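Reviewing the structure listed below.
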Amino acid sequence: MKPERIAALVLRWAWLYTRNLPEPAGGDRVAEIEADLHDHIADARAAGAGDRHIAREIASRALRGAPADLSWRAQARARPTAKGAGMHRPARRSAVRVALVTAGVLAIPLTGMAVSDEVRWSAADFVFAAVLLAGTGALLELALRRPRNLVLRLAAVAIGVAAVALGEADDAPGLVLFGLLAIAAAVALTLRRRVRPDPRSG
C-alpha cells in the first residue's frame, strides 16, 4: 500500500468538503493539506518508516480529522452571512442525538471493563472511538437534513470503507462492524431519498 495513494484519496476528500466554498478559503485549505501530506511522507521515510506504516498513519489521521474538516466547512460557509437563532435549533437537536448515541455506544465497553477483565480499553481507545462515532454521526445527520447533497453520503461511505480497511489490518472486528454500519446508513439514506423524493421537485 503506497502512502501516495492514500494521500491522493485524502486530497479527494479535501476537494469534496471544500467544494462550492468561496475563494480563497477552499483552495488554501486544499493546498495546506497537500503540503502537510507531502511533509508527513517525507519525514516518515527519512525516519525509516515503511510505506505500509506511513499509509496507515495517513488513513488514521484522515479518519480522526474528518469531524474537524466538516466543522471547518460549516464555519467557512457561515462566515459570509449571519443566520437567525431559529436556524440553529435543528443543529442543536442533531448534536444532542449524536452525543446520546456516542455516549450509549461507549457505555458498552465501559460496562464491560467494569464486569470483566477481558475487556481492556485505554483512554486513547475511548477518545478515538468517540471522535469516530461523533464525527460519522454528525455527517449522517447532515446527510439526513440535506438529502440532495451526494457529497455527504459519499463521505460517510468513504469513512466506512476506511474503517473496514483499518479494522482488517489491525484485526479489530469492532472497527470493521462500525465501517459496515456507516456504509449501510449511507445506503439507507440514498434509498430513502429515492423512495421519498423532495415534494418541492414535483
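The values are calculated or read from the model by the stated rules, or taken from the named source; none is laboratory data. All values reported here derive from a predicted model rather than from experimental measurement. Glycine also receives a Cβ, built like all others from the backbone with ideal geometry; neighbour counts cover every protein chain displayed.
Condition check: assigned by TED's automatic domain parsing to the domain that holds ARG19 and more than 25 Å from ASN20 (Cβ to Cβ). Does ARG73 satisfy that? Taking the combined requirement at face value, the residue does not satisfy it. Scanning segment 19-37 for residues that are free of Cβ contacts under 8 Å to residues at least 12 places away in the same chain and either surrounded by 11 or more Cβ atoms within 10 Å (Cβ to Cβ) or touching a helix residue (DSSP H, G or I) at 6+ places or on another chain (Cβ under 6 Å) (or both) turns up GLY27, ASP28, ALA31, GLU32, ASP36. Does any residue of segment 117-130 turn out to be touching a helix residue (DSSP H, G or I) at 6+ places or on another chain (Cβ under 9 Å), modelled with pLDDT of 75 or more and either on the phi > 0 side of the Ramachandran plot or crowded, with 18+ Cβ neighbours inside 10 Å (or both)? Yes, segment 117-130 contains at least one residue that is touching a helix residue (DSSP H, G or I) at 6+ places or on another chain (Cβ under 9 Å), modelled with pLDDT of 75 or more and either on the phi > 0 side of the Ramachandran plot or crowded, with 18+ Cβ neighbours inside 10 Å (or both). Is one or more of the residues making up segment 132-142 farther than 20 Å from VAL187 by Cβ and not assigned by TED's automatic domain parsing to the domain that holds ALA66? The answer is yes; a qualifying residue exists. Residue pairs whose Cβ atoms lie under 8 Å apart, sitting 6 or more positions apart in sequence or on different chains, and linking a residue in segment 92-110 that is of a type in the set (A, V, I, L, M) to a partner that is surrounded by fewer than 15 Cβ atoms within 10 Å (Cβ to Cβ) and outside any helix (DSSP H, G or I), are LEU110/TRP121.
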